[in-house]
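S.K.: My questions all concern the structure below.
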Amino acid sequence: MSEYQPLSSVRDLDVLDEDDCMAGYLAGLDGLPEPGSDKSKSYWHGWRNGMMDKGRLPIDGAARNLAHEFVRRQRAH
């Protein structure tokens with residue numbers, strides 16, 4: 001079980017480190033195990049998305065809600 005919780009707001013995305021997020025995403029696509037406390041929340045968020053995009057984790061309500069909120073924010077700009 002991770003020490004991190006899924007993001008709950010697009011404002012949370014604004015503080016993530018893009019490079020860590022991408023590194024985690026690639027790790028998730030490769031099916032690497034869930035990162036521990038030696039990795040950042042940005043890395044964990046990316047890993048989680050990579051795992052969901054590959055179908056290794058189910059897309060849960062938190063991911064759906066964040067995606068909907070992100071799209072709403074993009075359309076407003």
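S.K.: Take the residues of the range 3-27 that are farther than 20 Å from Asn65 by Cα and of a type in the set (Gly, Ala, Ser): which is surrounded by the most Cβ atoms within 10 Å (Cβ to Cβ)? Working first, answer last.
M.R.: Going through the range 3-27, the residues farther than 20 Å from Asn65 by Cα turn out to be 3, 17-20, 22-24, 26-27.
Filter once more, so that each one left must be of a type in the set (Gly, Ala, Ser): 23-24, 27.
On the way: Ala23: 19, Gly24: 27, Ala27: 20.
My answer is Gly24.
S.K.: Shifting gears a bit: Could you tell me which of the residues Arg11, Arg56 is out of contact with any Cys (no Cβ under 7 Å at 6 or more places or on another chain), of a type in the set (Lys, Arg) and not in a loop (DSSP other than H, G, I, E, B)? First the steps, then the outcome.
M.R.: Details: Arg56 fails: not in a loop (DSSP other than H, G, I, E, B).
Exactly one of Arg11, Arg56 is out of contact with any Cys (no Cβ under 7 Å at 6 or more places or on another chain), of a type in the set (Lys, Arg) and not in a loop (DSSP other than H, G, I, E, B), namely Arg11.
S.K.: Of all residues in the range 37-49, which are touching a residue at least 24 places away in the same chain (Cβ under 8 Å) and assigned to a loop (DSSP other than H, G, I, E, B)?
M.R.: The answer is Ser37, and nothing else.
S.K.: Filtering the range 50-65 down to residues that are touching a residue at least 12 places away in the same chain (Cβ under 8 Å) and small (Gly, Ala, Ser), which residue is surrounded by the most Cβ atoms within 10 Å (Cβ to Cβ)?
M.R.: Ranking the candidates gives Gly50 first.
Read-outs: derived from the displayed coordinates by stated rules, not from any lab. Everything numeric in this text was worked out from a predicted model, so none of it was measured. In this analysis, Cβ positions are derived from the backbone assuming ideal geometry, glycine residues included, and neighbour counts consider all displayed protein chains.
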